[in-house]
């Protein structure tokens, strides 16, 4: 068999015979959800790049396959920021259902969803519904930025995680200069529409330091990676 | 005008002329979302009764109108417990959208959603989408059991909030005997289907003490009520 | 078993173990559909209160369970009357399908839908579709105000049943003063939109006497109740 | 202008320039809804042929245009009878909405829906919703077999109208031999699924005489035609 | 049995017992899809009349049943031409799915879709999805105007097939005078909306000769008919 | 302005301020659609990689922005090949509508869809519908493998384009060994379901040579690139 560990197992680098071979001995899959939305000065695809980087790293250590990422999520509140491409929540739920049913059809039975975007949370509701109809399917859900592990790292360094602040500022999400210093978190008057959100959030960050020490970022990444490796055991 | 404070302002006790009168001077509305689902030995409608009790209390103090509750929510994971009546998440989102559009049509402009059930969280995504299409609409969302205020009360008494444990055991949610003591929280192996959920959760509580002191329960209720009264200012 | 006759068997007063007990010996359920819509000077929830009162009475005599009412129906034509909260017809059909499928999932097999609102009639079409997919499910539909029995009572007293006239004026639907006398039925020029409907219907009644003798109202209620008790035999 | 009265004005016999000419002086349209479903020994398309015959006759006398018929309706209960082609009710509603919006787009403002099938009744709910969004649109709905006029004719001759009995047995719906005599109406135990419906209804008629005197049938047709001509005045 | 070859086997001329008889010995069905849309000076229903004429002819030679045509298709780009009645593509797909599922339910297993309108092509995607869920169903799709056979006839006579030009100008699609000569094909600047399409296409033809020799038209018809007869063998 | 030509302008390498800057002087966007499906021995993401490579090349020469690719398309017929992740066609249409509406919301007015997968063709129908509702939006659609230019190249070299044969075998779609020689095209018996498709297509190629000369592949790529550059003028 041509597939080996220590290599990132992405669908895009494989053909269907490779997947068929894989399914002879394993039935696990990582599915990356993200968003294409404003992240202040960071990449519009930050919410894809982070869970995909984690998936790649987890794949190298576990040999588990990584499906192509869904490059769009539900971001209705950011639609006044150019570059945000948002799916209606109903569309998003249908997409994920279709992907899970496709993968289940030829044998995947343990699927770990690596979600990179808070707006995608409603997907979980649909996954419960899908799980009620597909025998022997195990699904797990991981949202790195709200994990206990990452929270501990943040807490240890006195940093508060928030959208488009230090937390998402990795070397691989930076696409230009990042402002120095810290931003005071704005006051949020309820559930805002897109225009209000842009007025309130300004550059798009939800506040706090824009940058953290590279060592902290590495610690965050490793904490999330360990979580994922643990979850891939599906215990 | 025939409407007075200190009276619960529920739609069901009013006619359309009353609402028209109200809209002359106010445009606020409380919308109660809940669920009909297993709550261990507590009422199947606990998730409606709690936010509705809060809405009634807030209405008495503020004079703000209370729409009829939606008696069903999204509870796919509890469908193996008899008595659970669950809406598909897509249905639920449509329902809430329809209610908000109806109320907006004749003049409500500030709507506070009082949600009693975690599974209804995806509604927020749809509300953002709706808010993008309805000028001058303000929506706020309150989920009492995850509020900072209630959390503080729980913390103060060393109690951990969880589904169908002490947290939801009010005089008005009890419908029979409640077990004594405390239940060890079960291990949750990912996103379970309905059958697995029943096996894992047994009587349905997510663990912890089944009962708290009445004074604590009152403190919880008052904390949430104050939050709601504050949110009704829509600042 | 803790459940006894002569008591209203509402879901909200029970927990899931009670439902499971019930299903050991019975598989019947009453499902109440209504509307939140203008009823002239009567309660906005008249269409819920009437079938729910009937369900409660029938439950006391038969011991059959009553699911929580759906507080909203399809009322697009009344959306210019403040207080009307209308579901799109597609939403309404999805809701009822979800409720029926939920109840079927753990064992209900004979479901009597008690409908309080004419605009909900399309639900029947979806119920036929659902019935085609769920073996051994029996569904019956009862709309009290168009029943032969109620019609006979009305005819006996020379009264014509219509929306928000005497027919719906029960002690439990009155929420304030009701106009004296009778209203001439307006001319209906086809299928009107909401604005036209308000112009044409004025106070909202479709015409005729606003009030009937309490003895007549009791006769109406008893006639419908007997129908329901008969239908609960599912013969 | 090339269009003349005394000619049936069907879309299929016209091109788009003809419609554009028509819209210079008129904005009325007849829309025929029906069904493809069992009608005992009568044509599977009886529910299309009858309203279409009425539309043609009304068109000859009024010059009002007739859109192509929708050859399918909602008939879930007859799906065990070969030849029934049923749309889900949600599909049907979408179809009619699309047709009305299309016609409204280039100028039709008064649309008379000629419905030939009871199962299509839910369409009215959607039409109310559509009417709320299209200014100046007038819609009227006519179901010939439940009209007061046809009812009077039936009553006059001591005949009871029912599915696939004498009422629908016109020269243009007969496609073979019709049984002699009369059929006792079956007992209907609630809302039946397709298999039960076939068992209960046998040959498909709902009972009563299979045939009426040609003079009666003509009287029925003329009564409905006069209704339609009156409704085309949109008063 | 009353059914004979050399007769057009249309549903509308049959009753359900006829279909049941047919299914004893055959399980093939022809399903005609078309459109109600501008065809320059030709009938608004040209896209129905052509495949239906082919279906009738094929039925006479093969004895295969013809379902009632769907008189509407997806024609969003022609909605500025009066007389076009277009289904949203999502509606169209639902309609065809419902028809196929209905027919499959009581025994049809080989369905030949005779499509008369290019805008209906997306239906094929849905048919693949449906085919994945219905065992032993064979579906074939025939679009006469893009068939190899018709193309050869056109090529042989140096004629280019296009919307509403000679290709669709049969005796049975003409409803008035057809312009003489030929029209220069317009320049198409991408995917146009309905208003632009009307400006660009003018009378509605996509260009080329308006008329071809009757012998050519007959050759075209026969070529398509032979294709259909061949496809009805489902080899 | 920080954006320069000769650089690939992908959303993922930019932040929202970059997009806002771009929209000051340009309103064009390239949107890449593809599929994740079996391509015989080639990458499962061949249908994404090819149009994305073209988009990148076109972006370098024109400075036009490239949205993140949609990594999934409609491939129901390949669902028996492991690795195929297919969206229902209804889901796919919703996704693309959402992306177009998002981009239109903040100023994109000329969108070139670069489609890499035949199964995505139905998207065009939805785009027509969307275009009818968004003033001043210009949409163009390019499917490289059916373009006249690519066809000419193929014809010049006596090669026939087909799924997963030489046509899609670029250096950047190969993920392992490609078989030598040529495959006889299989016989296609109508519209097959997924299981039949796998039986019929075997390794997944639709037949013909597996490989073409690199010079031919370059010629194909350049031909498509020139088409795209021309279309980006939106004339």
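The values are calculated or read from the model by the stated rules, or taken from the named source; none is laboratory data. These numbers were taken from a predicted model, which means no experiment stands behind them. Cβ atoms come from the backbone with ideal geometry, glycine included; neighbour counts cover every protein chain shown.
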- Given the conditions (1) surrounded by 22 or more Cβ atoms within 10 Å (Cβ to Cβ); (2) at pLDDT below 95, report the number of the one that residue F:235 does not fulfil. (1)
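Given segment E:14-126, what helices (runs of 4 or more DSSP H) lie entirely inside it while holding 3 or more residues that are within 14 Å of chain F (Cβ to nearest Cβ)?
E:89-105
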- Task: Run residue B:187 past the list (1) surrounded by fewer than 17 Cβ atoms within 10 Å (Cβ to Cβ); (2) touching a helix residue (DSSP H, G or I) at 6+ places or on another chain (Cβ under 6 Å); (3) farther than 21 Å from residue B:43 by Cα and report the number of the one that doesn't hold.
- Result: (2)
- Set C:226, C:230, C:222: member being within 14 Å of chain D (Cβ to nearest Cβ), more than 30 Å from residue D:138 (Cβ to Cβ) and part of a helix (DSSP H, G or I): C:230
- Message: Suppose the filter is part of a helix (DSSP H, G or I) and crowded, with 18+ Cβ neighbours inside 10 Å; does residue C:159 pass it?
- Response: no
- Verdict on residue E:110 being over 22 Å from residue E:206 (Cβ atoms) and surrounded by fewer than 24 Cβ atoms within 10 Å (Cβ to Cβ): yes
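From the list F:65, F:92, exactly one residue is touching a strand residue (DSSP E or B) at 6+ places or on another chain (Cβ under 6 Å) and either over 15 Å from residue A:70 (Cβ atoms) or buried (at least 23 other Cβ atoms within 10 Å of the Cβ) (or both). Which is it?
From the options F:65, F:92, the qualifying one is F:65.
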- Out of the residues in segment D:192-208 that are surrounded by 18 or more Cβ atoms within 10 Å (Cβ to Cβ) and touching a residue at least 60 places away in the same chain (Cβ under 8 Å), state the one that is nearest to residue E:11 (Cα to Cα). D:204
- Message: Can you list residue pairs whose Cβ atoms sit under 9 Å apart, with the first residue in segment B:122-135 being in contact (Cβ under 8 Å) with a residue 60 or more places away in the chain and the second being in a loop (DSSP other than H, G, I, E, B)? Count only pairs 6 or more apart in sequence or on different chains.
- Response: B:123/A:122; B:123/B:74
- Is segment E:189-207 home to any residue that is more than 29 Å from residue F:135 (Cβ to Cβ) and modelled with pLDDT of 95 or more? no
- Query: Would you say residue A:215 is within 28 Å of residue A:61 (Cα to Cα) and either surrounded by 14 or more Cβ atoms within 10 Å (Cβ to Cβ) or more than 14 Å from every other protein chain (Cβ to nearest Cβ) (or both)?
  - Reply: yes
- Note on the structure: Within segment A:174-215, the residues that are touching a strand residue (DSSP E or B) at 6+ places or on another chain (Cβ under 6 Å) and closer than 17 Å to residue A:119 by Cβ are A:190, A:191, A:205
- Query: Which numbered condition trips up residue C:167, out of (1) more than 14 Å from chain D (Cβ to nearest Cβ); (2) surrounded by fewer than 18 Cβ atoms within 10 Å (Cβ to Cβ); (3) in a helix (DSSP H, G or I)?
  - Reply: (2)
- Query: Based on what the data block shows, is residue D:99 modelled with pLDDT of 95 or more and in contact with a strand residue (DSSP E or B) (Cβ under 6 Å, 6 or more places away or on another chain)?
  - Reply: yes
- Message: Considering only residues that are at the interface with another protein chain (Cβ under 8 Å from one of its Cβ atoms) and not in a loop (DSSP other than H, G, I, E, B), which ones fall in segment A:179-194?
- Response: A:191, A:194
